[in-house]
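Report on the structure given below.
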Amino acid sequence: MDQAPGSPQGPEDKEPQPARSLPGCYRHPDRKTGVLCTRCDRPICPECMVNASVGFHCPECVRSQSGTGRAPADSRPRTLAGGTVTADPRLMTKVLIGINLAAFLVQLSVGDRFTNRFELLGQAYVPLLGGVEGIAQGDYYRLLTAMFLHGSYIHILFNMLSLWWIGGPLEAALGRARYLALYFVSGLAGSALTYLIAAPNQPSLGASGAIFGLFGATAILMRRLRYDMRPVIALLVINLIFTFGWSNIAWQAHIGGLVAGVITGYAMVHAPREHRALVQYGTCAVVLVAVVVMTLLRTAQLT
């Protein structure tokens, strides 16, 4: 039967309502969110979410709650490894890339004298510096500074692309502090193994040791999340082929960083919740002790 003019329309005759966009966070209006505070119903972004027994609360509701005694920062959402969820999960990766690029610009502007002063070198006579230089002579800072130097445009290009592709997602999964700890212990382990095994007069430099550590930790993380391991294994195999198939590559740094990354990464993603920080940072400390032992052994051999 046709509907009479002026009669109410049935549900099937209603016009579709236009879709509404997500509201902005009440503290950060530019950040769209679909999460509401379960107490006051205000929209909140990940930075403002505070874990509650049911859902999330906004910082103001947490402050007004009686008897909680907890600051909002203490109740923020956590990453898989226990780190704090942040608004920019790739910030430290961007900072590391910036430091590497800045150091490379200094290398280009100052020249070999700067590179010779800060690259990884066991012990050798350096004409530009006018004497015998190296870690064995007390230049222990070279273990760290060499991680931020590069030998060519291609060298830094590939390393920074790898750092962005691998480091960004890993930082988001671990959190800033744990990500930086992983990066530096992997890089230092690669430097220490190079110092221990390579010829003392053979200089080396580059972020590859730290990046191989990120590769190793990424493999552990993907296995923990039950993702398909084939892509990361294929990428790692390709990099290892390059490592051992080309000359002038410090394979010791790659292997040292990879081993340290696997060990540290396993601790990061498998640490028991009740002792999470102790296990994670304790493992980092153990790797650093190994770095110190390798450094002292090689120094004793060369002096």
Could you grab me the full set of residues in the stretch 133-148 that are in a helix (DSSP H, G or I) and either among the hydrophobic types (A, V, I, L, M, F, W, C) or out of contact with any helix residue (DSSP H, G or I) (no Cβ under 8 Å at 6 or more places or on another chain) (or both)?
Ile135, Ala136, Gln137, Leu143, Leu144, Ala146, Met147, Phe148
Being within 15 Å of the chain's Cα centre (by Cα) and among the charged types (D, E, K, R) narrows Asp112, Asp88 down to just Asp88
For Asn159, state whether it is in contact with a Gly (Cβ under 8 Å, 6 or more places away or on another chain), assigned to a helix (DSSP H, G or I) and surrounded by fewer than 20 Cβ atoms within 10 Å (Cβ to Cβ).
yes
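Being in contact with a Phe, Trp or Tyr (Cβ under 8 Å, 6 or more places away or on another chain), closer than 29 Å to Ala81 by Cβ and either surrounded by 20 or more Cβ atoms within 10 Å (Cβ to Cβ) or in the same structural domain as Leu235 (by TED's automatic domain parsing) (or both) is the requirement here; does Leu149 meet it?
Values: in contact with a Phe, Trp or Tyr (Cβ under 8 Å, 6 or more places away or on another chain): yes; closer than 29 Å to Ala81 by Cβ: no; either surrounded by 20 or more Cβ atoms within 10 Å (Cβ to Cβ) or in the same structural domain as Leu235 (by TED's automatic domain parsing) (or both): yes.
So Leu149 fails the test.
Considering only the stretch 53-66, how many residues are of a type in the set (A, V, I, L, M) and at pLDDT below 75? Even if it seems obvious, please write down each step before you answer.
Of the residues in the stretch 53-66, the ones of a type in the set (A, V, I, L, M) are 54, 62.
So of that shortlist, the ones also at pLDDT below 75 come out as 54.
Counting residues in the stretch 53-66 that are of a type in the set (A, V, I, L, M) and at pLDDT below 75 gives 1.
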Given the criteria surrounded by fewer than 24 Cβ atoms within 10 Å (Cβ to Cβ) and at pLDDT 95 or above, does Tyr227 qualify?
no
Applying the selection to the stretch 112-132, what residues are touching a Phe, Trp or Tyr at 6+ places or on another chain (Cβ under 8 Å), surrounded by 18 or more Cβ atoms within 10 Å (Cβ to Cβ) and outside any loop (DSSP other than H, G, I, E, B)?
Phe118, Leu120
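Here is a check on your reading of the model: is Val110 farther than 26 Å from Gly265 by Cβ and either hydrophobic (A, V, I, L, M, F, W, C) or in contact with a Cys (Cβ under 8 Å, 6 or more places away or on another chain) (or both)?
On the way: farther than 26 Å from Gly265 by Cβ: yes; either hydrophobic (A, V, I, L, M, F, W, C) or in contact with a Cys (Cβ under 8 Å, 6 or more places away or on another chain) (or both): yes.
Yes.
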Suppose we filter Val232, Val293, Val259 for residues that are among the aliphatic types (A, V, I, L, M), without any contact (Cβ under 8 Å) to a residue 24 or more places away in the chain, surrounded by 14 or more Cβ atoms within 10 Å (Cβ to Cβ) and in contact with a helix residue (DSSP H, G or I) (Cβ under 9 Å, 6 or more places away or on another chain); which single one remains?
Val232
Does the stretch 162-177 contain any residue that is more than 15 Å from Val95 (Cβ to Cβ), over 11 Å from the mean Cα position of the chain (by Cα) and hydrophobic (A, V, I, L, M, F, W, C)?
no
Note on the stretch 181-200: residues surrounded by fewer than 24 Cβ atoms within 10 Å (Cβ to Cβ) and in contact (Cβ under 8 Å) with a residue 60 or more places away in the chain are Ala181, Leu196, Ala198, Ala199, Pro200
Scan the stretch 255-286 for residues that are closer than 16 Å to Ala210 by Cβ and under 17 Å from the mean Cα position of the chain (by Cα) and report the count.
11
Could you list, in sequence order, the residues of the stretch 87-111 that are part of a helix (DSSP H, G or I) and surrounded by 17 or more Cβ atoms within 10 Å (Cβ to Cβ)?
Met92, Thr93, Leu96, Ile97, Asn100, Ala103, Phe104, Gln107
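Quick one: in the stretch 240-256, of everything that is among the small types (Gly, Ala, Ser) and touching a residue at least 12 places away in the same chain (Cβ under 8 Å), which residue is surrounded by the fewest Cβ atoms within 10 Å (Cβ to Cβ)? Spell out the reasoning first.
Of the residues in the stretch 240-256, the ones among the small types (Gly, Ala, Ser) are 245, 247, 250, 253, 256.
This time we only want the ones that are touching a residue at least 12 places away in the same chain (Cβ under 8 Å), so: 250, 253, 256.
Working: Ala250: 24, Ala253: 33, Gly256: 30.
This residue is Ala250.
Being touching a residue at least 60 places away in the same chain (Cβ under 8 Å) and either touching a Ser or Thr at 6+ places or on another chain (Cβ under 8 Å) or farther than 16 Å from Glu171 by Cα (or both) is the filter here; which residues of the stretch 269-279 pass it? Write out each step before concluding.
Within the stretch 269-279, the first condition is being touching a residue at least 60 places away in the same chain (Cβ under 8 Å), and the residues that meet it are 269, 271, 273, 276-277.
Within the stretch 269-279, Ala271, Arg273, Arg276, Ala277 meet the criteria.
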Going by the structure shown, is Val237 in the same structural domain as Pro169 (by TED's automatic domain parsing), buried (at least 18 other Cβ atoms within 10 Å of the Cβ) and β-branched (Val, Ile, Thr)?
no
Among (1) modelled with pLDDT under 95; (2) surrounded by fewer than 18 Cβ atoms within 10 Å (Cβ to Cβ), the one test that Ala285 misses:
(1)
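The values are calculated or read from the model by the stated rules, or taken from the named source; none is laboratory data. In this text, all values refer to a predicted model and were calculated from it rather than measured experimentally. Positions of Cβ are generated from backbone atoms using ideal geometry, with glycine treated the same way; all protein chains shown enter the neighbour counts.
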